[in-house]
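Structure first, commentary second.
The values are calculated or read from the model by the stated rules, or taken from the named source; none is laboratory data. Everything numeric in this text was worked out from a predicted model, so none of it was measured. Note that we place each Cβ from the backbone using ideal geometry, even for glycine, and neighbour counts take in every protein chain shown.
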Amino acid sequence: MALKRVPAVSDKAWGGVFDAPTDQRVEKFTESVSFDQRLYHHDIVGSIAHAQMLAKVGLLTADECQQIEQGLGEIRQEIEQGSFQYDTALEDIHMHIERALVERLGDVGRKLHTGRSRNDQVSTDMRLWVRESIDRLVDQLTMLQRSFVGRCEQDDGVILPGYTHLQRAQPVLAAHYWLAYCEKLERDKQRLLDCRRRANQLSLGAAAMAGTTLPIDRNDVAERLGFEAIAANSLDVSSDRDFVIEFAFAMTLIAEHLSTWAEEWILWTTREFNFLTLPQAFCTGSSIMPQKINPDVLELIRGKTARVIGNLQALLVLVKGLPLAYNRDLQEDKPRLFDSFDTVAACLDLAAPLVAETELNQAVIADGLEEGFLDATTLMEYLIGRGTPQRTAHHLVGQLVGRAMKQGVRLADLELAAIQEIDSSLDAGVLDVLGAEQSVGAFQSYGSTGPAQVAQQVTTWRKRLGG
Ligand code: ARG
């Protein structure tokens, strides 16, 4: 950060009442510009809308408003070109931009803060930032969903063992697996959009905490900034950070979903499973073991979930017990929220190509598919379909599986006579539901792994996601 001259306390925006200068340690301790400078764009957009409203109600002349707009535009350019000078004595991005405006315009610049406080200003900036960040994450989630749907086509017809308790359970189509993640990500999107609605309220005009005696027009500002509603209670909104916490929570669940996926894929890339081969461009090696190709990206996606959860916890604790209206504690919301966003956005950025480019080792999977009695439940349901009570059918198939286990064979390898021992009325038709492929083919219920159901779901997802 390039440093400017240290301003005298009387030079500070709030310096009028002060006799003594601020201790430099206090300036360093209280500053937020090192992390809130990323709000510069939102701050300028908010200030322009505010100035335009002030001109509309007669608190600024048209000429003053025009000067302010132009000045803010130039400041934005300076910031974007990297020539803008920061100074911790000016605390935050809001003070920096205002000071730069005053340096340019003198008294006209001193009018911008009319009917406004940094308390409603910072809330507005954050709401604009949250809105934009949600839109970005929704796009990224859509990209990841597209990767999963793309895989459905690539892995069409492939059957995977499904697990419960991480023990082989029932056969499922690979597409069914991939669409399971699409569902989770869709809920993540809906949660973000729901949070966006509550974030999308205008706080500007609440001023410090009580509103203002000046004849401002909040409807006008809301319209200019695209806010759907206007916060109705100045005391509430000046310290409301629900939208920050909701956003942090929505991002935490995204991180949890990515972590689940990463964990599963880490397992699947082990020599023991060997279901997947990750693209080498997404792996790293070991400094001592020459043979290692490690799934570090997946591990870090899983690992970074910890900080996202930690950020949510920090935010919840931050607001716990704060008295109404603004308290400086609230400044601490930004590093946590920004970190969650940066982390989740980075994870999503890598997840989409990783899902698309990973190879499913179809031959290995097919080779072991008949192990683990994936068809036992289908056989049980076949018996139920012929009138056997469920508990009885469960018991009979259990006995049959026990017998096959002892012989070291699949259910389909048993003699028909052995199967008939559990139900003498069975004929060779029973063989039609044995084996992973026939077993998958027998599923029919809505949302199941049956091929017709899954094909329908793939079509629905493709339509929904477009692109
Ligand atoms: N930097 C502050 C924050 O992020 C801005 C609001 C400061 N308001 C105040 N009255 N000191 O919360």
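For the stretch 318-362, what are the residues that are over 16 Å from A306 (Cα atoms) and among the aromatic types (F, W, Y)?
If the condition is that a residue be over 16 Å from A306 (Cα atoms) and among the aromatic types (F, W, Y), then Y326 is the only one that fits.
Of all residues in the stretch 67-121, which are on the phi > 0 side of the Ramachandran plot and within 13 Å of the ligand (Cβ to nearest atom)?
E91
I'd like the full set of residues that are under 20 Å from D342 (Cβ atoms) and either without any contact (Cβ under 8 Å) to a residue 24 or more places away in the chain or buried (at least 16 other Cβ atoms within 10 Å of the Cβ) (or both), limited to the stretch 283-299.
D296, V297, L298
Considering only helices (runs of 4 or more DSSP H) fully contained in the stretch 366-453, which possess at least 1 residues that are within 44 Å of the chain's Cα centre (by Cα) and without any contact (Cβ under 8 Å) to a residue 60 or more places away in the chain? Spell out how you get there, then give the answer.
Details: elements: 376-385, 390-407, 416-420, 436-441.
Passing ranges, in order: 376-385, 390-407, 436-441.
For a quick check of your reading of the model, give me the residue pairs whose first member lies in the stretch 117-128 and is more than 13 Å from A325 (Cβ to Cβ), whose second is outside any helix (DSSP H, G or I) and more than 9 Å from the ligand (Cβ to nearest atom), with beta-carbon atoms closer than 6 Å and at least 6 apart or on different chains.
Note: pairs meeting the criteria are T124/S203; T124/L204.
Which of (1) at pLDDT 95 or above; (2) crowded, with 20+ Cβ neighbours inside 10 Å; (3) out of contact with any Leu (no Cβ under 6 Å at 6 or more places or on another chain) does G106 not meet, given it meets every other one?
(2)
Taking L354 as the residue in question, decide whether it is away from the ligand (no atom under 16 Å from the Cβ), in contact (Cβ under 8 Å) with a residue 24 or more places away in the chain and part of a helix (DSSP H, G or I).
Values: away from the ligand (no atom under 16 Å from the Cβ): yes; in contact (Cβ under 8 Å) with a residue 24 or more places away in the chain: yes; part of a helix (DSSP H, G or I): yes.
Answer is yes for this residue.
Test each condition in (1) part of a loop (DSSP other than H, G, I, E, B); (2) of a type outside the set (F, W, Y); (3) loosely packed, with under 13 Cβ neighbours inside 10 Å for L322 and report the one that comes out false.
(3)
Just checking, does the stretch 11-29 include any residue being in contact (Cβ under 8 Å) with a residue 12 or more places away in the chain, exposed (fewer than 15 other Cβ atoms within 10 Å of the Cβ) and within 16 Å of the ligand (Cβ to nearest atom)?
Within the stretch 11-29, one or more residues are in contact (Cβ under 8 Å) with a residue 12 or more places away in the chain, exposed (fewer than 15 other Cβ atoms within 10 Å of the Cβ) and within 16 Å of the ligand (Cβ to nearest atom).
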